[in-house]
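What follows is a single structure, written as structure tokens, with notes after it.
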Amino acid sequence: MTLLKPLVPLACMAILGACATALTPDKSSVTRGKTIFAKECSACHGANGDGAGSASLGLGMTPPDLTGLTARNDGAFPRAFVQRFVLGQIEKEDPDAAMPEFGTVGLQHAAKDGAPAGEVTAEDMIALLDYIETIQK
Ligand code: HEC
């Protein structure tokens, strides 16, 4: 028993470490997502994602508040829905709605290693989702 004792804190740390990685998005991914959001989404959804400031665009409707996605989804961030919506894989109620289908136009954000025109990399999609998850109210 005395021999095993020193190992207990180590084992706990390993378990906690694994949980922390699974639950908290990696900080650099969130930063990357923020850059993508600023370039590709903020004009319509607002700098903070809450839809504020978009009225001047004359879209005919206010883009939804993206900080309320979790609240509108019974407290769980709807990651798969957001991904599919952004890529244009969900049929829209209004086919003329202003939001681009990023699966077609790509996410050409400002990062030097951003995706080429017309493409969305898995890394960028994960980063964007990680960031949007952090702005939930
Ligand atoms: C040209 C304006 C415009 C841009 C740019 C834009 N959106 Fe949208 N977005 C809209 C509009 C308008 C709607 C609501 C109408 C609809 O259903 O298409 C919407 C809807 C959404 C929804 C659905 C929300 C819900 O509760 O149903 C999500 C998620 C979303 N946008 C995410 C994004 C993300 C992420 C980006 C950037 C990659 C982005 N949008 C870029 C205009 C825009």
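Throughout, read-outs are computed from the coordinates displayed, never taken from laboratory work. What you see is a predicted model; the values in this text were computed from it and never measured. Here Cβ is always computed from backbone atoms with ideal geometry, including for glycine, and neighbour counts include all displayed protein chains.
Measure up Lys34/Lys92; Lys92/Lys112; Lys92/Lys137 against 29 Å on the Cα-Cα distance and list the ones that go over.
Lys92/Lys112
Multiplying the sequence separation of Lys112 and Leu57 by 0.36 nm and subtracting their Cα-Cα distance, what value in nm do you get?
Contour length minus the Cα-Cα distance gives 17.0 nm.
Excluding Val30 itself, what net charge comes from residues whose Cβ is under 10 Å from its Cβ, given Lys and Arg +1 and Asp and Glu -1?
Cβ neighbours under 10 Å give a net charge of 0.
Label points 7 Å out from Cα along the Cβ direction at Phe81 and Asn48: separation in nm?
2.3
Report the calculated FRET efficiency for Glu91 and Asp26 (r = Cβ-Cβ distance, R0 = 35 Å), to the nearest 0.05.
With R0 = 35 Å, the Cβ-Cβ based efficiency is 0.60.
For a protection proxy built on the mean count of beta-carbon atoms within 10 angstrom, sort 112-118, 122-128 highest first, please.
Descending packing order for the listed peptides: 122-128, 112-118.
Charges at C-beta only: +1 for Lys and Arg, -1 for Asp and Glu. How large is the resulting dipole of segment 21-134 about its Cα centre, in Debye rounded to 20?
Roughly 300 debye for segment 21-134.
How much length would be gained if the chain were fully extended between Met99 and Asn73, taking 0.36 nm per residue of separation minus their Cα-Cα distance, in nm to one decimal?
Net length gain for the segment: 7.3 nm.
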